[in-house]
Each structure stands twice: as C-alpha cells, then as structure tokens.
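Comments concern the structure below.
The values are calculated or read from the model by the stated rules, or taken from the named source; none is laboratory data. Note that the coordinates shown come from a computational prediction; the quantities given were computed from them, not determined experimentally. In this analysis, Cβ positions are derived from the backbone assuming ideal geometry, glycine residues included, and neighbour counts consider all displayed protein chains. Accessible surface areas use protein heavy atoms only, side chains included; no ligands, DNA or RNA. Shrake-Rupley method; radii C 1.70, N 1.55, O 1.52, S 1.80 Å.
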Amino acid sequence: MRSLLFLAPIPALLMSIVLMRFADVSKILWIQQVVLGALALVCAYAFSNRRSSGWSTKSQVYLLVFLSLLLFLPPLLDSSTSPQRWLVLGGFRLYIAACVLPLILILLESLIHENRSDTSSWIFFYPVISLALAWQPDASQSLALAAIGVISIARSGARTLMKASCIVPLLVATMWSSAQPDPLQPVAYVEGVIQLAATIHIGFAGVSLLFVVLPPLILILMGRRYQQSGFFMLALYYLVIDVCAYLQLTPMPLLGFGAGPILGYAFMAYAANRKLH
C-alpha cells in the first residue's frame, strides 16, 4: 500500500509530456519535468525506506521553523510589485509554497495531534504561515491552509480562547490574500492544463482529471488503512489546490509544468512513509 503513494503521481507526470508537447513547449522543459519527477520520487522512496531512528520532536520543530521562514523569503528578496511566490536560484525559479507546504502540514499534524507533550503552542504556526502566504500573496495556498488549519485547530486540545485566537487571524489572513489583485495570467501548460487537454479531446480532459485526483484518493485510502488523520488532511490540501488549479488560479499539482509541486509531493511522500515505519 505504501508504494502507491509514490506511484500515484506517475500517470499525471506522463500525461504532462503529452500536454506540453501539444502546447509546443520546448523539449528541454518537458524532459526537465520528467527527469525531476523521476529523481524526486525515486529518492523519496529510497530514503524513506532506509532503517534509521524516527524524527525527534526537536528536529521536527527545527524543520518546521526553517520551512516556515522560507515562505517569508520571496517577498523579502523580490522588489517587484507582482506576486512574490518564487525563490530565484540562479536562472531557476522555485514555487516555494507548493514545495514546502505539504511537508509543513505533516509536521504540524504530528506536533499537534501525535505528540504527548503540550501541543497547544504549535497551532499558532497556522496563522503565522497564513500571514506569509498573504504577504506574497497566494490565495490558493492560503485557502488550502485555512481549510486544514481550521479543522486541525478545532481538533487540538487547546482551550477555546486559544483556538479562537488562531482561527480568527488565520481566516483574516486568508481573506486578505484573496482580496489582493493577481495580475498573472494563466499559462496553458501550467494553470490551464485541463482546458488544454479539452482542446485535444474531451476524453483527454476526463483522463487528466482522473490522474489529478488519483494522489488525494490514494492519501484517503492510506488514511483509512493506517488510521492516520494526517493523510486525510493532505488529501484535503491537494483537493483544494486541484479545484483552484482547475479555475486557473494556481499551477495544477503534478500535471503540466512546475518543479515546486513535484518536489512538494516528493517531500510529503517521504515524510508520510517514514511515519508508517
């Protein structure tokens, strides 16, 4: 069953080749996409199955703080007035929220709901991360975070006042993110891949949608099989992003061009598989 977590994105990655070739995208770009996807998934699978001690609470906290700080970097480093969602590494731009947010969600789920010590302090990460996403701004990722955050905070053992003090700013930041203008136009082989598939044939669009929802469906099945609520939260994250991507508001995860969502899925799959050992 755990292997399905790493196999689930493969159909979407392969369909990406067809769609990008149909859109006359440079051969280098779709080869880059396939190579990156293959390397990321193979490495995630190999390293997650190695025998080693699990993550300590301290290491999870350090990683959570580091990943959260990364989300504040694009607005700090980018002086442009357009949305600032990318870390520029040389000539390579990385969509940082799609890259780190799935792993952040796993860490928060573990610290809030699986740690036997006091977990109430970790729920404050939700509004903090939402503030970073609103600053960029990134309405789609903010909405996905809010959907999960409200559920996670409500399920936590924190007092009602503390829950409210996290949920209210989380929702306010999400509304702020959604209210800001987004001048970026959708790209056919990034945000508009389903519509691009429909121009080939309606059957292509149907198959593409099936490939897109396959990873969250696998996450739901794994959540039921292993009784891990974190998998349901991750499935919800991907379903919200899928809907936003269908509306051409954000890149479609795993289908079409984009390194951030692929790396984000690989990091998530690695951490999720480690949790089951």
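Per-structure values
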quantity: Size-normalised alpha-carbon gyration radius of the range 132-277, reference 2.2 N^0.38 Å; calculated: 1.14
quantity: Spread of Cα-to-Cα distances over 10 Å intervals beginning at zero, given as percent, for the chain; calculated: 7, 30, 37, 22, 5, 0
quantity: Net lengthening on full extension, residue 227/residue 66 (0.36 nm per residue, minus Cα-Cα); calculated: 55.1 nm
quantity: Choice from 204, 231, 92 with maximal GNM fluctuation in the chain (Cα, 10 Å cutoff); calculated: 92
quantity: Residue-normalised accessible area of the chain, expressed per residue, 1.4 Å probe, Å²; calculated: 47 Å²
quantity: Choice from 90, 258, 223 showing the highest fluctuation, given a GNM over the chain with Cα pairs closer than 10 Å; calculated: 90
quantity: Approximate spin-label separation residue 32-residue 243, in nm, with each point projected 7 Å along Cα-to-Cβ; calculated: 3.3 nm
quantity: Accessible area of the chain belonging to carbon and sulfur atoms, whole % at 1.4 Å probe; calculated: 68 percent
quantity: Extension gain, residue 217 back to residue 180 (0.36 nm per residue minus Cα-Cα distance, nm); calculated: 10.1 nm
quantity: Quotient of Cα Rg and 2.2 N^0.38 Å for the range 55-169, N being how many residues it contains; calculated: 1.10
quantity: Nearest-0.05 FRET efficiency for residue 172 and residue 210, computed from C-beta distance (R0 30 Å); calculated: 0.25
quantity: Three principal axis lengths of the range 11-114 [C-alpha, angstrom, descending]; calculated: 48, 40, 24
quantity: The range 193-228 and the range 2-78: distance between their alpha carbon centers, rounded to Å; calculated: 18 Å
